Amino acid sequence: MTQLQTDIRNHRLISGQFGAITFGKWGIEFSDRHSFATLTDTPRNATHTDGTWHLSQGRWQATLQTTQTNQTSIVAHAQVTAFDDAPLQDAVLRMVFDKHDIAHGVIAGKTYQHRDTDKYRLFPLNQAPDVRLVGTDGREIIITLDTFDGAGRFAPYLYLRDRGDHWIIHARLLPINPVDHVWLRWANRFFTLSAPDPLARALWDMPGGQKMLWRLRERLGRHCPEIQAVPLNTVLTGQTLSLGVTCRFL
């Protein structure tokens with residue numbers, strides 16, 4: 001039997017190995033219009049002080065509990081709690097796997113090879129109950145989103161992404177309609193331009209506008225210009241968003 005090995009510190013998965021497949025780091029991400037909070041990358045316009053995340057549009061508490069529950073499973077549970085009435089574009093539980101020794105990924109019944117497309121193959125939970133990574137030796141890693149709470153304003157999604165030397169899997173909460181704000185932006189490495197809010201809302205509300213612009217860059221991948229509409233919903237003081245996933249190694 002292939003052994004699952006993990007290095008979990010302070011309830012965070014630092015690294016792991018299952019046969020030849022290696023993975024890590026796993027963590028939480030969440031963002032408003034101007035700030036990005038993360039446990040695994042470099043935050044943008046966000047600071048973490050005395051257990052509180054300070055974003056440009058509000059204060060938050062984030063917790064992550066990660067446990068290897070048996071010889072074949074890892075369970076992770078993430079929560080973000082608003083300390084102010086504050087807008088949020090998403091909340092994420094992020095899992096990263098090295099692409100080496102993984103033959104392909106599967107989501108919503110479709111199989112994908114790793115081509116470094118940087119496409120977010122994003123599906124609502126009712127269309128994609130799990131994400132699977134299949135090793136070159138035929139072994140499977142199955143990720144399921146078992147529990148979630150979107151405070152009535154966010155819905156659950158899973159996505160599979162091939163970027164660089166990694167497969168990236170997100171369990172994600174995204175705003176549901178009617179959304180409170182629409183951020184229409186064009187970003188590049190030099191600057192970010194935002195459309196005036198009334199124009200962004202008008203384009204969002206026009207027939208076909210939401211379908212065309214909603215997270216356009218994410219859906220089309222790295223060769224698409226960084227143009228997309230990002231909706232945000234307000235989380236009220238004291239409300240908590242949560243995600244709970246199980247990762248099974250078979």
Checklist line | Length-normalised contact order for the stretch 125-250 - Cα pairs under 8 Å, 6+ apart - percent | finding: 33
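Stretch Ala103-Thr72 to full length: gain in nm at 0.36 nm per residue minus the Cα-Cα span? It would help to have the intermediate numbers written out before the result.
Numbers: separation 31, 0.36 × 31 = 11.16 nm, distance 1.99 nm.
Result: 9.2 nm gained on full extension.
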Checklist line | Candidate values [x] 0.96; [y] 1.06; [z] 0.99, label of the one derived for Rg/Rh (Cα atoms, Kirkwood Rh) | finding: [x]
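With contacts defined as alpha carbon pairs under 8 Å and 6 or more residues apart, what's the relative contact order of the chain in percent? Can you show the working numbers first?
Numbers: 638 pairs, mean separation 53.7, N = 250.
Computed value for the chain: 21 percent relative contact order.
For the ranges 123-132, 15-24, what's the packing order if you count other beta-carbon atoms within 10 Å of each residue, average per peptide, and put the highest first? Before the final figure, lay out the partial values.
Numbers: 123-132: 16.0, 15-24: 18.7.
The most tightly packed comes first, giving 15-24, 123-132.
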Next item on the list: Report, by chain and number, residues whose modeled amide H sits under 5 Å from the one on Arg59, excluding near sequence neighbours (fewer than 5 apart, same chain).
Entry: Phe83, Asp84
Notebook entry, point to check: How do 106-119, 78-91 rank on mean C-beta neighbours within 10 Å, highest first?
Noted result: 78-91, 106-119
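To the nearest 20 Debye, how big is the dipole of the chain about its Cα centre, given +1 on the beta carbon of each Lys and Arg and -1 on that of each Asp and Glu?
Numbers: 27 positive and 24 negative charges, 106 e Å.
Charge dipole, the chain, about its Cα centre: 500 debye, nearest 20.
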Check: Using alpha-carbon positions, what is the distance between the centroids of the stretch 138-152 and the stretch 97-124, in Å?
Finding: 16
Item checked: Protection proxy ranking of 168-176, 51-59 - average other beta-carbon atoms within 10 Å, highest first -> 168-176, 51-59
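So, counting K/R as plus one and D/E as minus one, what does the shell of residues with Cβ under 11 Å around Leu160 add up to?
On the way: positive: Lys110, Lys119, Arg121, Arg132, Arg161, Arg163; negative: Asp130, Asp162.
Value of the local net charge: +4.
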Checklist line | Exposure proxy ranking, count of Cβ atoms within 10 Å, fewest first, for Leu232, Leu243 | finding: Leu232, Leu243
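No value in this document is a laboratory result; all are computed from the given coordinates. None of these values were measured; they are calculated from a predicted model. Glycine also receives a Cβ, built like all others from the backbone with ideal geometry; neighbour counts cover every protein chain displayed.
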